[in-house]
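Have a look at the structure below before the remarks.
Where a number appears in this text, it was derived from the coordinates with a stated rule and is not lab data. Since we're looking at a predicted model, the values are computed, not measured. Cβ placement follows ideal geometry from the backbone for every residue including glycine, while neighbour counts extend to all protein chains displayed.
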Amino acid sequence: MRPFFLAYKSITITWFMILAIISIVISYFIVNILAEEYEEDKNKIENIFIVLLIGGFVGARLSYVLMNIHLYKGNISSIFKISHYNLSLIGGIIFGLLVLMVLSKKYKIAFGKLLKIFVIPFYFSMAIGIWVLMFDRFLLYSSHIKNEPSKVLYLSLLFLTGMILELAISKRVNNKYITVIILTIVMVLYYIM
């Protein structure tokens, strides 16, 4: 498989870029549907979506830099050379949760409700985004997947299962921590698979 989705003269579109765009667009529609379902103002939720998207990306990059500070000691300017190879998933999640907490206070919407709205698009995006490892030939270098293509399918199914559990259980079980429990289990399974 080619590492680029499209290459024409000096224009190249990577698999990461095309899958990220697809994920963001579909997640935007999912968020709007969930905002209506949870009876929240769509404008507020859209604003939160944009800030959360940027905040998660910045957090993913910042945490990668902090975890690999030795790579940037002699060359500070390389911190700004961003690609999907130098982002941290767990850093993006943690930073995204912190941003969500701040925005929860700012917009006076319960954190649990915002988490329920935004965790489903997260699962969906991860189920799609994990395929970048396969299409981008990053699978060969990924220490987490260990060059096993079937694991990409399993991880994609793991995130889809998290999304289905969230949709099926979250409303039926009257426990405010169920979303956090499902998210924690999915992420632990992601790192031990």
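Quick notes on this structure:
- Paired Rg and Dmax values of the chain, which use every Cα atom, in angstrom: 17.4, 56
- Between the helical axis of 89-107 and the longest alpha-carbon principal axis of the chain there is an angle of about 40 degrees.
- Cross-link pairs beyond the 28 Å C-alpha cut-off, checked among 106/176; 73/106; 42/81; 73/105; 105/176: 73/106; 42/81; 73/105
- The lysines within cross-link reach of residue 151, meaning a Cα-to-Cα straight distance under 19 Å and a gap of 8 or more places when in the same chain, come to none at all.
- For a paramagnetic label modelled on residue 26 (point 7 Å from Cα along Cα→Cβ), amide N atoms under 20 Å away belong, within region 107-138, to 116-137.
- Note on the chain: helix-only mean residue ellipticity at 222 nm, from DSSP H runs of 4+ residues weighted -39500 (n - 2.57) and normalised by residue number, equals -22500 deg cm²/dmol.
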